[in-house]
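Written below as structure tokens is the structure these notes are about.
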Amino acid sequence: VKGGSNALEGEWPWQASLKKNGQHRCGASLISERYLVTAAHCFRMAQNPKNYTVSFGTKVSPPYMQHYVQQIIIHEDYIQGEHHDDIAIILLTEKVIFKNDVHRVCLPEATQIFLPGEGVVVTGWGAFSYNGKYPVLLQKAPVKIIDTNTCNSREAYDGLVQDTMLCAGYMEGNIDACQGDSGGPLVYPNSRNIWYLVGIVSWGVECGKVNKPGVYVRVTAYRNWIASKTGI
Amino acid sequence: MYRPVTTSRTSLPLWMIALIVFGVLAILGVTIGLLVHFLAVENTTYNYRGSFKVLNIPYNRNYERETSPENNYLSEILETKIADAFHSSSIYRQYINSQVITLVPENNSVTAHIWLLFKAPRSTKENTRRRIESVLHQMLSNHSGSLTTDPNSLRLMEISKADAEKIINSRCGRRARMSATYDR
């Protein structure tokens with residue numbers, strides 16, 4: 001995350017690190033005792049569950065809690081190298097014991113609307129800047145939901161952002177997700193201070209660049225797909 | 001003739017007697033002070049689990065789903081009602097937090113299961129519990145607003161911190177650790 005700050009322990013208990021051969025690769029969000037949601041492009045070139053582990057806690061290593069992956073479910077319409085349908089589900093081999101520091105985020109209703117300008121938070125262990133260093137502690141950054149038309153303006157993404165995607169960050173740049181944050185959560189607190197998964201870190205141009213905010217998978221657009229795969 | 005052995009008694013010097021008396025008083029004072037502190041002054045947090053019925057609500061399965069608009073809407077009204085009741089009560093200093101945990105829809109009513117967190121000196125624990133119950137009972141008897149609640153359906157029991165954490169952590173999107181406020 002660029003322009004963020006250290007997260008406190010237990011502040012983002014649904015945040016997970018998806019590791020490939022022991023190396024942090026992507027973020028992921030815990031949505032039930034055994035299911036996580038992440039980005040499909042995290043499994044580029046390698047989809048064997050045995051190569052992956054999932055860990056929880058504010059440090060990537062040593063992990064506070066680690067689980068093995070039993071199954072990877074990638075969206076049927078995802079095409080490697082393209083941005084649409086960039087969503088995947090991870091099924092763990094065993095149930096996660098919910099604790100103060102590890103428990104699930106809420107999934108929004110398919111009909112729920114998150115308005116442009118709403119305050120949301122992106123978290124992850126991604127680089128501090130494009131091709132920059134990686135943090136030891138989980139990072140968090142408050143960003144704003146950006147209207148898709150604004151995001152699709154010619155100087156921004158010029159029509160690349162589809163309805164199943166969501167922009168968040170600042171047109172002025174500076175605060176944004178970055179490499180290694182992919183698959184991680186963009187979350188929103190409702191008026192009861194209960195957090196909902198609004199987006200999944202997906203793509204963007206570099207990190208924190210002017211007119212190039214972060215683009216996320218719009219979770220409400222895939223709510224029924226998630227239900228069809230997980231029963232949640 | 002035997003001369004009785006007369007033992008000559010050596011009395012302690014005055015300063016040593018004073019020192020011993022002072023030492024004993026100091027130990028007594030510290031012991032009583034600690035007892036008073038831990039029993040009467042220091043606050044301990046107590047978790048409660050409760051439930052009550054909200055009447056005249058047509059059956060709707062969505063109340064059971066924790067992320068449904070119906071559940072959020074009713075839960076928020078009840079949470080606000082509970083918080084207001086305790087903030088305006090005589091035990092507002094002891095009140096820390098409360099949340100609706102689950103809603104169970106039944107025929108023409110919904111049972112709300114709630115969690116409450118209070119702090120109170122150990123010595124006044126029972127009294128605090130009675131007062132919590134009376135505030136809740138009064139709140140449920142008060143039919144202002146759009147909700148009708150049944151005061152006789154109130155149940156309240158103390159639970160351990162571990163059980164409270166288990167209850168809250170089983171719900172989605174809640175956090176034990178609150179961060180600073182974020183722009184909405």
*Would you grab the residues whose amide H sits under 5 Å from the one on A:E11? Only those 5+ places off in sequence or on another chain, please, with H modelled 1.01 Å from N.*
none
_Mean Cα-pair separation over length for chain B, i.e. relative contact order, pairs under 8 Å, 6 or more apart, %_ = 30 percent
*asked:* So if the hydrodynamic radius of chain A is defined as the Kirkwood radius over C-alpha pairs, what does Stokes-Einstein give as its diffusion coefficient at 10 °C and 1.306 mPa s, in µm² per second?
replied: 93 µm²/s
_segment B:14-36 versus segment B:97-173: alpha-carbon centroid distance in Å_ = 47 Å
_Sites excluded, chymotrypsin sites (Phe, Trp or Tyr not before Pro) in DSSP loops with at most 16 other C-beta within 10 Å, longest stretch of chain B_ = B:93-181
*Under a 5 Å amide H to amide H cut-off, with H placed in plane at 1.01 Å, what residues pair with A:R25 once short-range neighbours are removed?*
A:L18, A:K19, A:K20
_If neighbour count is taken as other Cβ atoms inside 10 Å, put B:I20, A:I175 in order from fewest to most._
B:I20, A:I175
*Cα-based Rg and Dmax for the protein assembly as shown, where Dmax is the largest Cα-Cα distance (Å)*: 28.8, 130
*If each residue's Cβ is checked for other Cβ atoms within 10 Å, how do A:V69, A:V136 rank with the fewest at the top?*
A:V136, A:V69
*Which trypsin sites (Lys or Arg not before Pro) in segment B:131-179 pass both tests, a DSSP loop state and at most 16 other beta-carbon atoms within 10 Å?*
B:R177
*Would you mind classifying segment A:1-122 by shape? Square roots of the alpha carbon gyration tensor eigenvalues, ordered a ≥ b ≥ c; an a/c under 1.5 is rounded, otherwise it is prolate if a/b is larger than b/c and oblate if not.*
rounded
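With a/c under 1.5 counting as rounded, go ahead and sort segment A:68-114 into rounded, prolate or oblate using the C-alpha gyration tensor (a ≥ b ≥ c being the square roots of the eigenvalues; past the cut-off, prolate if a/b is larger than b/c, else oblate).
Oblate, since a/c reaches 1.5 and b/c is not below a/b.
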_Quick check on segment B:25-184: take the gyration tensor over C-alpha atoms, sort the square-rooted eigenvalues as a ≥ b ≥ c, and tell me if it's rounded (a/c under 1.5), prolate or oblate._
prolate
*For B:K81, A:K212, what's the fewest-to-most ordering of other Cβ within 10 Å of each Cβ?*
B:K81, A:K212
_Centroid-to-centroid separation of segment A:60-75 and segment A:168-194 [C-alpha atoms, Å]_ = 21 Å
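Rule-based calculations on the coordinates, nothing more; no lab input. Remember, it's a predicted structure, so these values are computed and weren't measured experimentally. Note: ideal-geometry Cβ built from the backbone for every residue, glycine included; neighbour counts use all protein chains shown.
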